[in-house]
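Please read the structure below before turning to the comments.
The values are calculated or read from the model by the stated rules, or taken from the named source; none is laboratory data. None of the values given here were measured: they were computed from a predicted structure. Heads up, the Cβs are rebuilt from the backbone with ideal geometry, glycines too, and the neighbour counts pull from every protein chain shown.
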Amino acid sequence: MSNSTTKLRFLTPKAPKSDLPLFVFLPGMDGSGLLLRRQIPKLTNDFDIRCLAIPANDMASWDVLVSETIALIEAEKAAENQRPVYLCGESFGGCLAMKVVLEAPQLCERLILVNPASSFRQQPWVQWGSYLTQWLPASLYPLSVVGLLPVLASLGKIGREERRALLEAMQAVPQSTSVWRLALVRSFDVDENQLSAIEQPTLVIASGSDRLLPSLAEAKLLVKVIPNAEMVMLANSGHACLLETDVDLNRIMQAQNFLNRSLVISH
């Protein structure tokens, strides 16, 4: 199924820097591409950033999402001397990132997975709740989004502006689109044999206080299966950890020696 008036696109939150590696962010269920906002100032020291934006009415299949994402990244690489790509997927975007890497392994040099929603299958109550979303009366759906905030994020660790941005991003997704994307996550099926074929150095970031998904257990599984993977646990963080005041993704990558200075761009 594909029902969208516009295609996927990249947002460029800062002026392009063609001499730096690309950092491509694949967003969570909101699809806005806007919730990397707190990490951008530090990331711009080392990267040229692109954030995938999925239209709010997009109900494309995994195959379409993967092919369109690959096309966008290929276009960026072709335009700028085939520079290296760091692919970062958060939650729903983590599932998309895994599928992209498996479909086009030559596309990126580094993979970052932040609380990937591949753990959805391990949380029965979330699966049951995802089915209930489609039966909610339209008048109650906005309230359900507000009620989900304390589950989705550790609100005490997120500033006022980031809380507002999170709520606005969630509310911008229509109920029908939420139902469709939840169905996509339920259908996500990448087995261990496939994951073991991922050769890129991979950083799996897991929140120890994730109330939405068993992200820590999923991270432990992923680092066992993906050959060059390592895990970083954020012990007190919630699911939407990249919005938290104390989380610095660039610093995490530096601490893990994940910023490979040998990935230089040839001109």
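Would it be correct to say that L195 is touching a His at 6+ places or on another chain (Cβ under 9 Å), buried (at least 19 other Cβ atoms within 10 Å of the Cβ) and not aromatic (F, W, Y)?
Working: touching a His at 6+ places or on another chain (Cβ under 9 Å): no; buried (at least 19 other Cβ atoms within 10 Å of the Cβ): yes; not aromatic (F, W, Y): yes.
No.
Any residue in region 1-18 that is closer than 23 Å to M170 by Cβ and in contact with a Pro (Cβ under 6 Å, 6 or more places away or on another chain)?
yes
In the list L102, L43, which residue meets the criterion of being at negative phi and touching a strand residue (DSSP E or B) at 6+ places or on another chain (Cβ under 9 Å)? Spell out the reasoning first.
Working: L102 fails: touching a strand residue (DSSP E or B) at 6+ places or on another chain (Cβ under 9 Å).
The conditions single out L43.
Regarding region 239-261, can at least one residue be identified that is without any contact (Cβ under 8 Å) to a residue 60 or more places away in the chain, surrounded by fewer than 19 Cβ atoms within 10 Å (Cβ to Cβ) and touching an Asp or Glu at 6+ places or on another chain (Cβ under 7 Å)?
Looking for residues that are without any contact (Cβ under 8 Å) to a residue 60 or more places away in the chain, surrounded by fewer than 19 Cβ atoms within 10 Å (Cβ to Cβ) and touching an Asp or Glu at 6+ places or on another chain (Cβ under 7 Å), one finds at least one in region 239-261, hence yes.
Please verify whether R83 is surrounded by 16 or more Cβ atoms within 10 Å (Cβ to Cβ), part of a loop (DSSP other than H, G, I, E, B), touching a helix residue (DSSP H, G or I) at 6+ places or on another chain (Cβ under 9 Å) and at pLDDT below 95, treating the condition exactly as stated. Give the derivation first.
Details: surrounded by 16 or more Cβ atoms within 10 Å (Cβ to Cβ): yes; part of a loop (DSSP other than H, G, I, E, B): yes; touching a helix residue (DSSP H, G or I) at 6+ places or on another chain (Cβ under 9 Å): yes; at pLDDT below 95: yes.
So R83 fits the description; yes.
Among (1) touching a strand residue (DSSP E or B) at 6+ places or on another chain (Cβ under 8 Å); (2) surrounded by fewer than 22 Cβ atoms within 10 Å (Cβ to Cβ); (3) not charged (D, E, K, R), where does V225 come up short?
All conditions pass for V225, except number (1).
Filter region 14-24 down to residues that are surrounded by 17 or more Cβ atoms within 10 Å (Cβ to Cβ) and in contact with a helix residue (DSSP H, G or I) (Cβ under 7 Å, 6 or more places away or on another chain) and give me whichever is nearest to L184 (Cα to Cα).
Initial filter on region 14-24 (surrounded by 17 or more Cβ atoms within 10 Å (Cβ to Cβ)): 20-24.
Still in the list and also in contact with a helix residue (DSSP H, G or I) (Cβ under 7 Å, 6 or more places away or on another chain): 22-24.
On the way: L22: 27, F23: 25, V24: 21 Å.
Here the residue is V24.
Here are S118, S144: which of them is over 20 Å from M231 (Cα atoms), in a helix (DSSP H, G or I) and either polar (S, T, N, Q) or modelled with pLDDT of 75 or more (or both)? Give the steps one after another, and end with the answer.
Values: S118 fails: over 20 Å from M231 (Cα atoms).
Only one candidate passes the filter, namely S144.
Here are the criteria: (1) among the charged types (D, E, K, R); (2) surrounded by fewer than 21 Cβ atoms within 10 Å (Cβ to Cβ); (3) in contact (Cβ under 8 Å) with a residue 40 or more places away in the chain; (4) outside any loop (DSSP other than H, G, I, E, B). Tell me which single one R50 does not satisfy.
Just one mismatch for R50, condition (2).
Would you say L182 is in contact with a helix residue (DSSP H, G or I) (Cβ under 8 Å, 6 or more places away or on another chain), closer than 24 Å to L34 by Cα and touching a residue at least 40 places away in the same chain (Cβ under 8 Å)?
On the way: in contact with a helix residue (DSSP H, G or I) (Cβ under 8 Å, 6 or more places away or on another chain): yes; closer than 24 Å to L34 by Cα: yes; touching a residue at least 40 places away in the same chain (Cβ under 8 Å): yes.
Yes; evaluated as a whole, the condition is true for this residue.
The rows are residues; the columns are (1) of a type outside the set (K, R); (2) at pLDDT below 95; (3) out of contact with any Lys or Arg (no Cβ under 9 Å at 6 or more places or on another chain).
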site	(1), (2), (3)
C88	yes, no, no
L102	yes, no, yes
S130	yes, yes, no
Q134	yes, yes, yes
S154	yes, yes, no
R163	no, yes, yes
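Name the residue that is farthest from the chain's Cα centre (by Cα), counting only residues in region 186-218 that are assigned to a helix (DSSP H, G or I) and without any contact (Cβ under 8 Å) to a residue 24 or more places away in the chain.
Step one: filter region 186-218 for residues assigned to a helix (DSSP H, G or I), giving 186-187, 192-195, 215-218.
Applying the additional criterion that residues be without any contact (Cβ under 8 Å) to a residue 24 or more places away in the chain yields 193, 216.
Values: N193: 22, L216: 16 Å.
Per the criteria, the residue is N193.
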